[in-house]
1. Could you sort the peptides 227-240, 123-136 by per-residue average Cβ neighbour count (10 Å cutoff), highest mean leading?
2. With the cut-off at 1.5 for a/c, could you classify the stretch 103-144 from its C-alpha gyration tensor as rounded, prolate or oblate?
3. How many nm is it between the label spots at residue 202 and residue 296, if each spot is 7 Å from the Cα in line with the beta carbon?
4. Say R0 is 30 Å: what FRET efficiency, to the nearest 0.05, do residue 90 and residue 16 get from their beta-carbon distance?
5. Within the stretch 79-101, whose backbone N sits under 17 Å from a point 7 Å along Cα→Cβ of residue 109?
6. Multiply the residue gap between residue 329 and residue 173 by 0.36 nm, knock off their C-alpha separation, and tell me the result in nm, one decimal place.
7. Is the stretch 62-170 best put as rounded, prolate or oblate by its Cα gyration tensor, with a ≥ b ≥ c the root eigenvalues, rounded for a/c under 1.5, and otherwise prolate when a/b is larger than b/c, oblate when not?
8. Quick check: pseudo-label points 7 Å beyond the Cα along Cα→Cβ at residue 240 and residue 146, how many nm apart are they?
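Please treat every number below as a calculation from the coordinates, not as lab data. Just so it is clear, the structure is predicted and the values come from calculations on it, not from any experiment. Here the Cβ positions follow ideal geometry from the backbone for every residue, glycine too, while neighbour counts run over all protein chains shown.
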C-alpha cells in the first residue's frame, strides 16, 4: 500500500467533530456500529477515510469492490429486515454514501445503516480471504510491520513529536508465560503477538498523533471494541480546558465521559499509566499472492486484516512508569512468581476473587489517581527507526 506524504499534525484547535469522535472511540474502546451518524465534511475527508480502510479511491478495481460491498449490504438488509432504501441512496456511490451519512434526515439514517452492514461484511469476507490464501501469520505480520515502520519512519523524519518508537513480535517464551499467568487465557485471544509502542514528546501531543495514525495507518472503526485501556486522559475534563474541544464535545454523539478505562492485568502496578488499544489493521495482499489465488477468492477484494496492539504514552509519564513498583523488572518478577505458583499448586477456584478480577477489563472504570490500574503488555524500550522488525523487544505480557 502506498504511504501518503507526511504533513504536519492537526493542532487541537483544528480538530473537527469527526476527529474528536474518532479518537474518543479509540480511547474508550467503543464500536462504530453504535454511532448514529458520520461527520465527514467534504470529499477529502472521504478519500482519507477510504484510504485508511486499505482502499485506493482512484483504483477502478477498488471502486468496483466497494460497489459490490454496498450491493451486498443492501441485499442483506432487504432480505433479513425488509429494510426500505430510497432509490437515490441505493444509486449513490460509496463516496457519496459517506457524505449522505454525514448529513441529516431519513436518507442519512439509511446511508448509515448500509455502511454499518458494509463494515461487517467487508470484515467477514476479508477474514475469509485471509484464511484461504497461501499466507502464513509471519507473512501477514511482515506486511503490517512494513506499513507501520514506513509511516512512523516518515513521521520521525518529518520531525513530528515522537521521542521513542519500538515495535516487534512477541517471543514464544513471552506467549507461554502470558498464557500460564492467567486462568482464563487462551492462545487464540493473544492480541499482542505483534505490538507497537509510541512515546510522544508531551501529553498534549498524544491526541494529534493518535488522530494522524487513525487517518494514515489504521481506521478508527476497526479498533477492537472492549480492548482499549486509557489511564492517562479523563477525556471530558481534558477537552473542557480547551474552548474549541469543549464546543465539539457538546455536539458529539454518545457519552463522552471522564471515566478512565483500566484493564485486568493483576501484575501491573497501581501507578502504571498507558493508552492501549488493539487494531485489526488492513493491509493489501501482494499482487502475486492474489493472482495465484482461485478466481472466487479474488472477488473478495485486495484487503485482509491482522490484529496488533498499540500503546501510546508521553515522555513524562513513561519516565514515571519506570520508577518503583511500575518498573518493568518488578512487573516481570510478579508475573514469574504467579506462574511458578500456578505450575506447582494450581489455582484455588474456591478462593474469593480479588477486586482486580471483579469486572471485565474493557468495562471497568479506574479513578483518575494513583489507584487506576492498566493492563496488557508493554513492548520494549529500545528505540528504533528501522523499517525492519527489531530482533527483540522487552515486553510486559
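1. Taking the mean over residues of other Cβ atoms within 10 Å, the ranking is 227-240, 123-136.
2. prolate
3. 5.8 nm
4. Once the sixth-power term is evaluated, E becomes 0.60.
5. 81-90, 100-101
6. Separation in residues times 0.36 nm, less the Cα-Cα distance, equals 54.5 nm.
7. Oblate shape, in that a/c is at least 1.5 and b/c is the bigger or equal ratio.
8. The modelled label-to-label distance comes out at 4.8 nm.
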